[in-house]
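Data first, discussion second: the structure below is written as structure tokens.
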Amino acid sequence: MRKKNSVRVADARCYDLIHSPLITEKSTIALEQGKVTFAVPLEASKYEIKFAIEKIFNVHVVSVNTLVRKGKTRRFRGREGKMSDTKKAIVTLKAGETIDFGIKV
């Protein structure tokens, strides 16, 4: 049997882990199913994200899914550059719990 990883994150680090909620058409539809999407740092782990969400918003997190969006290649003044990679976390909340961002669905 696998032991659950108990991660403790300092209070100041909790606020550094959650950059902002991502409000898109797809994430707004997922809100009805109890899934909330956040922009997070690339180095953040699922355990740290779960701990930070539970501490900041005082909700119970069932699961955390993460994905890294690769930065696109862009041209600027004739030179090729690359936009930064971004990571987002899709957090599933316990049934009946919500996080209010002031969005009317």
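Since every read-out is calculated from the coordinates, none of them should be taken as a lab result. As the structure is a computational prediction, the values presented were derived from the model and not from experiment. Positions of Cβ are backbone-derived with ideal geometry, glycine not excepted, and every protein chain shown enters the neighbour counts.
Amide H to amide H, which residues 5 or more places from LEU22 or on other chains are under 5 Å from it, using H placed in the peptide plane?
Residues meeting the amide H criterion: THR37, PHE38, ALA39.
In sequence order, what are the phi-derived ³J(HN,Hα) couplings for the range 23-33 according to the Karplus relation 6.51 cos²θ - 1.76 cosθ + 1.60 with θ = phi - 60°, rounded to whole Hz, with x for glycine and proline?
My calculation for the range 23-33 gives 9, 10, 4, 5, 6, 5, 5, 5, 4, 5, 8 Hz in order.
Can you tell me the 0 to 90 degree angle between the C-alpha axis of helix 46-57 and the longest principal axis of the chain, rounded to 10?
Taking the Cα atoms of the chain, the angle to 46-57 is about 70 degrees.
From the backbone phi of the range 58-69, what are the Karplus-calculated ³J(HN,Hα) couplings (6.51 cos²θ - 1.76 cosθ + 1.60, θ = phi - 60°) in whole Hz, Gly and Pro given as x?
6, 10, 9, 9, 7, 8, 10, 10, 10, 8, 10, 8
Taking the number of other C-beta atoms within 10 Å as the exposure measure, put HIS60, HIS19 in order starting with the fewest. Could the numbers behind the result be given before it?
Working: HIS60 13, HIS19 16.
Listed from fewest to most nearby Cβ atoms, that is HIS60, HIS19.
Hey, fewest Cβ within 10 Å first, where do THR92, THR37 land in order? Working shown, then result.
Working: THR92 15, THR37 20.
Listed from fewest to most nearby Cβ atoms, that is THR92, THR37.
Please list, in chain and number order, the residues 5+ apart from VAL62 or on another chain whose amide H is under 5 Å from its amide H, with Hs placed from the backbone.
THR92, LEU93, LYS94
Just the number: Rg to Rh for the range 11-93, Cα atoms, Kirkwood Rh, two decimals. Don't jump to the answer; show the numbers that get you there.
Values: Rg = 14.8 Å, Rh = 13.8 Å.
Taking Rh as the inverse mean 1/r over Cα pairs, Rg/Rh reads 1.07.
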